[in-house]
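Colleague: After the structure tokens below, expect a handful of questions from me.
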Amino acid sequence: MKKRWEILKKIFSMSMRFSLETIEPEYCDYFKKFRYLTPSYAWVKCERLEDTNCYEIFRAAKIKGREGKVFGSEERFVRFSLIRTQDDFNQLIDMLKKLVSQEAV
């Protein structure tokens, strides 16, 4: 999961339109050190004011996520599951890269 988060962070760091949730390191009693959490789900926010429904933005790009409002959040958020096969994850990454690269156009 750590590697998947690193890939997502790299992709969304190139975007002004979308932002990935920020997760601060927390102290782990087991390992006795601070560690970054790597949740099974990633929350993404649409930053543009005109992008009021983030789910629809990603759906139009054929990227499958879940609407933020389903989880009690705003429509500016979409949640992606990182619990998927490697092939499915690679496809998600390819589609995200394509969407983010279109920002410059």
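What follows is calculated from the coordinates using simple rules that are stated; it is not laboratory data. All of these numbers come straight from a predicted model, not from anything done at the bench. All Cβ positions, glycine included, derive from the backbone under ideal geometry; neighbour counts span all protein chains shown.
Colleague: Would you look at the GNM of the chain, springs on alpha carbons closer than 10 Å, and say which of 38, 85, 52 moves the most?
Modeller: Largest GNM mean-square fluctuation: 85.
Colleague: Now a separate question. Based only on other Cβ atoms within 10 Å, what is the fewest-to-most ordering of 41, 27?
Modeller: Details: 41 13, 27 9.
The fewest-first ordering by Cβ neighbours comes to 27, 41.
Colleague: Filter the cross-link list 3/45; 10/32; 3/33; 32/97; 32/69 down to pairs whose alpha-carbon distance in this structure exceeds 26 Å. Walk me through the numbers on the way to the answer.
Modeller: On the way: 3/45 21 Å; 10/32 28 Å; 3/33 19 Å; 32/97 36 Å; 32/69 37 Å.
Violating the 26 Å Cα-Cα cut-off are 10/32; 32/97; 32/69.
Colleague: Related question: What nm value, rounded to one decimal, do you get for the distance between residue 86 and residue 33 when each label is placed 7 Å out toward the C-beta?
Modeller: Reported label-point gap for residue 86 and residue 33 is 2.6 nm.
Colleague: Now, a different point. Quick check: net charge around residue 39, other residues with Cβ under 15 Å of its Cβ, Lys/Arg +1 and Asp/Glu -1?
Modeller: Working: positive: 2, 3, 4, 9, 35, 66, 79, 84; negative: 6, 21, 24, 26.
Cβ neighbours under 15 Å give a net charge of +4.
Colleague: Could you tally the net charge around residue 67, taking each other residue with its Cβ under 14 Å from the Cβ of residue 67, Lys/Arg +1 and Asp/Glu -1? List each step's numbers first, then the result.
Modeller: Values: positive: 45, 59, 64, 66, 69, 76, 79; negative: 51, 56, 74, 75.
Net of charged neighbours comes to +3.
Colleague: Mean separation of Cα pairs under 8 Å and 6+ residues apart, divided by the residue count of segment 30-105: what relative contact order is that in percent? Spell out each step's value before the answer.
Modeller: Details: 80 pairs, mean separation 22.5, N = 76.
Rounded, it is 30 percent for segment 30-105.
Colleague: I'd like the projected area of the chain, averaged over all directions, using the convex hull of its alpha carbons. Report it in nm² with one decimal. Don't jump to the answer; show the numbers that get you there.
Modeller: Working: hull surface 29.4 nm².
For the Cα atoms of the chain, the hull's average projected area reads 7.3 nm².
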